[in-house]
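Presented below is the structure to which this report refers.
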Amino acid sequence: MSESKAPVTHEGVITAIDESFITVEILNKSACAACHAKGACPASEENIRTVDVPLTIGNMSAHYNVGDKVLVILSSALSFKAVIYAYGVPLVLLLLAMVTASSFKLPELYVGLIGIGVVIFYYIALAFFKNKLAREFRFSIQKL
């Protein structure tokens, strides 16, 4: 019996529409966003992210306008894959690099630097595949 997991969703506002993308602005709030003291608290943080949703037949037929409130949707399978790419693979690479480097009896400083270097190299390589990943991780939207 397999469970169907809910997709990852975020509320946003359409800020731009062009020939190939709908740009949606999402306000990311920290866990304490509902706190009454968040205005005075330095720990509270809010940042704005933009997501480009490719125009599809479904998007075009929904007649979206700038300023519309929408729900940005990413399937749960793709969100799990994104977490693996962002956190799982770098963690494994870090551990492998550090274990391998320490097996050569290198000083701890060098072992740490080699581990960090491997992770940095991974993220640089991931940045080179940004366009390919963007085709794989497609967002969809629906009106609220």
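The values are calculated or read from the model by the stated rules, or taken from the named source; none is laboratory data. Since we're looking at a predicted model, the values are computed, not measured. Neighbour counts are summed over all protein chains in view; Cβ atoms, including those assigned to glycine, are modelled from backbone coordinates with ideal geometry.
Structure data summary
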item: Output for the stretch 62-80, where each listed residue is closer than 30 Å to LYS5 by Cβ, of a type outside the set (Val, Ile, Thr) and either modelled with pLDDT under 90 or surrounded by fewer than 12 Cβ atoms within 10 Å (Cβ to Cβ) (or both); result: ALA62, TYR64, LYS69, LEU74, SER75, SER76, ALA77, LEU78, SER79, PHE80
item: Tabulated pairs, the stretch 130-144, first loosely packed, with under 13 Cβ neighbours inside 10 Å, second among the aromatic types (Phe, Trp, Tyr), C-beta under 9 angstrom, 6+ apart or interchain; result: LYS143/TYR64
item: Answer from LEU71, LEU78 - the residue that is within 30 Å of VAL24 (Cα to Cα), touching a residue at least 12 places away in the same chain (Cβ under 8 Å) and either of a type in the set (Val, Ile, Thr) or not in a helix (DSSP H, G or I) (or both); result: LEU71
item: Lone unmet requirement of (1) at pLDDT 85 or above; (2) surrounded by 11 or more Cβ atoms within 10 Å (Cβ to Cβ); (3) not in a helix (DSSP H, G or I) for LYS38; result: (1)
item: Close pairs from the stretch 1-30: first farther than 12 Å from ILE48 by Cα and in a strand (DSSP E or B), partner modelled with pLDDT under 85 and among the hydroxyl-bearing types (Ser, Thr, Tyr), Cβ under 6 Å, at least 6 apart; result: VAL8/SER79
item: Lone unmet requirement of (1) modelled with pLDDT under 75; (2) part of a helix (DSSP H, G or I) for LEU93; result: (1)
item: Residues of the stretch 96-144 that turn out to be under 30 Å from GLY67 (Cα atoms) and in a helix (DSSP H, G or I), as a count; result: 7
